[in-house]
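The values are calculated or read from the model by the stated rules, or taken from the named source; none is laboratory data. Quantities reported herein were computed from a predicted structural model and do not represent experimental measurements. Here the Cβ is made from the backbone with ideal geometry for all residues, glycine too, and neighbour counts use every protein chain on show. Heavy atoms of the whole protein, side chains included, go into the accessibility calculation; ligands, DNA and RNA do not. Shrake-Rupley method; radii C 1.70, N 1.55, O 1.52, S 1.80 Å.
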Amino acid sequence: MTKRKERRKNDPLRAYILRKQIFALLFLAGVFGYAGLNVWYGGDIWMETVEESLAGGISPETAPDTIAKTVSALDESIIGSMYGRMEFIETYSYIQALLDKREFNNFSYIKDEDGYLHYASFFREDTNDIEEYARRLRRLQDCVEPKGTKVLFFVTPGKYVRGETDFRTGMPVNDPDTIVDEMLFYLNRYGVETVDCRKYIPNETLSIQEAFFKTDHHWTIPAAFAATQVLVEQMNEKFGAGLDPDGFYMDPANYESVTYHQGMLGSMGRKTGANFSGLEDFEALWPTFENKYDRHCMGVTDVTQHFRGDTTESLMDVDVLLENGDIYSDSQYSLYLNGLRPYEHIVNEDNPDGVKIFAIRDSYFSPMMVFLAPMCSELDAIWSLEESHVLDIESYVRENEFDYIIMEIYPYNINGDAFNFFKGE
């Protein structure tokens with residue numbers, strides 16, 4: 001009996017299985033322990049996400065779409081609030097940098113030879129909806145034309161410029177130029193005025209490296225100011241808008257340029273980690289003149305906020321520039337109008353006779369709105385991709401009167417969600 005016990009004790013197979021069992025128990029304990037930690041850490045955030053997604057109610061007709069959006073939003077919330085998420089990302093990021101990689105996370109992002117991050121794409125699905133998007137904007141124009149409102153489509157440049165951006169061989173960059181060209185073709189065909197900002201930025205005085213951030217898909221603030229100059233010039237030329245007749249507000253001499261060093265980490269950088277993308281400088285333009293504004297804006301939770309005061313107090317979020325700010329929670333680009341709010345209503349108390357503008361826009365327009373505001377009496381805006389239950393672009397256009405409606409769009413945002421208005425004939 002003793003010999004049998006000894007044989008069992010010294011049996012290598014039994015010892016091997018025992019080690020596997022211990023590892024499995026420890027592994028499962030770690031997995032479930034980490035899951036429990038995440039529930040404790042982010043449970044409240046998950047519940048808020050579900051409540052926001054279901055805030056508009058649910059009916060048998062809308063149930064499939066509502067449930068799908070809720071599941072998608074919950075999935076993003078769980079991933080975004082994962083405990084130690086950035087530590088995991090930065091560890092992986094550091095390894096990729098050591099390997100001198102130029103792609104990240106199975107080509108979610110790629111890096112050019114100047115260190116700028118770009119979207120990647122191995123193929124793009126053909127779409128036959130571009131002409132329909134143009135028709136929707138034409139229907140909007142037909143709706144407001146009796147009121148004397150002018151409509152303008154303004155497309156920003158993309159970060160990738162053919163012939164100028166240099167990649168290693170085989171990098172599948174996502175190039176939206178074909179879609180932009182098709183969109184402009186149909187808009188011109190349907191008689192909607194357009195401005196193609198790709199013709200103006202980059203230029204001789206503003207290189208592609210100066211016009212865009214390395215770690216973000218947005219353009220820099222000097223580029224946004226240059227685009228505002230283009231917009232004002234084109235509105236005066238196409239519509240006789242009479243904006244800034246003395247050239248005061250579009251004169252760079254009336255803004256103070258301040259560079260904040262190594263504090264900018266854009267949305268792309270937060271996805272890849274600072275070890276892979278690096279940090280970069282942020283150049284802000286501060287107006288040296290004063291204007292008083294009354295601003296109401298709506299956050300993603302449909303809660304309205306109110307700000308009143310000069311440009312810095314009402315239109316700019318200086319907290320993102322503080323040294324103790326979290327570079328992973330927001331970028332310094334959010335200095336202007338908090339980056340992006342689904343709804344903005346800005347009243348210029350010092351210019352009651354200025355023009356009234358409504359913008360259907362994305363986050364590229366935020367700094368441009370700050371630069372446009374001194375020339376306006378009122379400046380309203382709705383995010384073109386908004387999913388709020390209390391905002392509707394078509395209803396807002398029908399119920400209000402404006403001098404100008406500007407649809408600004410970033411090339412990668414040209415899709416059905418951005419043109420979710422005037423679908424009917």
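Here are a few things to note about the model shown:
- Restricting Asp75, Asp100 to residues that are modelled with pLDDT of 90 or more, of a type in the set (Asp, Glu) and open to solvent by 70 Å² or more (accessible area, probe 1.4 Å) narrows the list to Asp100.
- Among (1) farther than 24 Å from Tyr328 by Cβ; (2) hydrophobic (A, V, I, L, M, F, W, C); (3) surrounded by 12 or more Cβ atoms within 10 Å (Cβ to Cβ); (4) touching a Pro at 6+ places or on another chain (Cβ under 8 Å), the one test that Ile110 misses: (1)
- Flag for Arg124 being surrounded by fewer than 17 Cβ atoms within 10 Å (Cβ to Cβ) and within 28 Å of Lys423 (Cβ to Cβ): yes
- Annotation note: Cβ proximity below 6 Å between a residue of the stretch 168-191 that is farther than 22 Å from Ser108 by Cβ and a residue that is in a loop (DSSP other than H, G, I, E, B) (sequence gap 6+ or interchain) occurs for Met183/Ile414.
- Any chance Gln229 is without any contact (Cβ under 8 Å) to a residue 40 or more places away in the chain and assigned to a helix (DSSP H, G or I): yes
Let's see how each residue does on (1) farther than 30 Å from Lys111 by Cα; (2) of a type in the set (Val, Ile, Thr):
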site	(1), (2)
Thr272	no, yes
Asp310	yes, no
Leu322	no, no
Val347	yes, yes
Asp350	yes, no
Ala373	yes, no
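- Filtering Phe248, Phe239 for residues that are touching a strand residue (DSSP E or B) at 6+ places or on another chain (Cβ under 9 Å) and at pLDDT 95 or above leaves a single hit, Phe239.
- Residue in the stretch 252-264 that is within 16 Å of Leu372 (Cβ to Cβ), at pLDDT 95 or above, touching a helix residue (DSSP H, G or I) at 6+ places or on another chain (Cβ under 8 Å) and surrounded by 21 or more Cβ atoms within 10 Å (Cβ to Cβ) present: no
- Helices (runs of 4 or more DSSP H) within the stretch 306-425 that include 3 or more residues touching a residue at least 24 places away in the same chain (Cβ under 8 Å) and either of a type in the set (D, E, K, R) or within 23 Å of Thr149 (Cα to Cα) (or both): 365-372, 393-399
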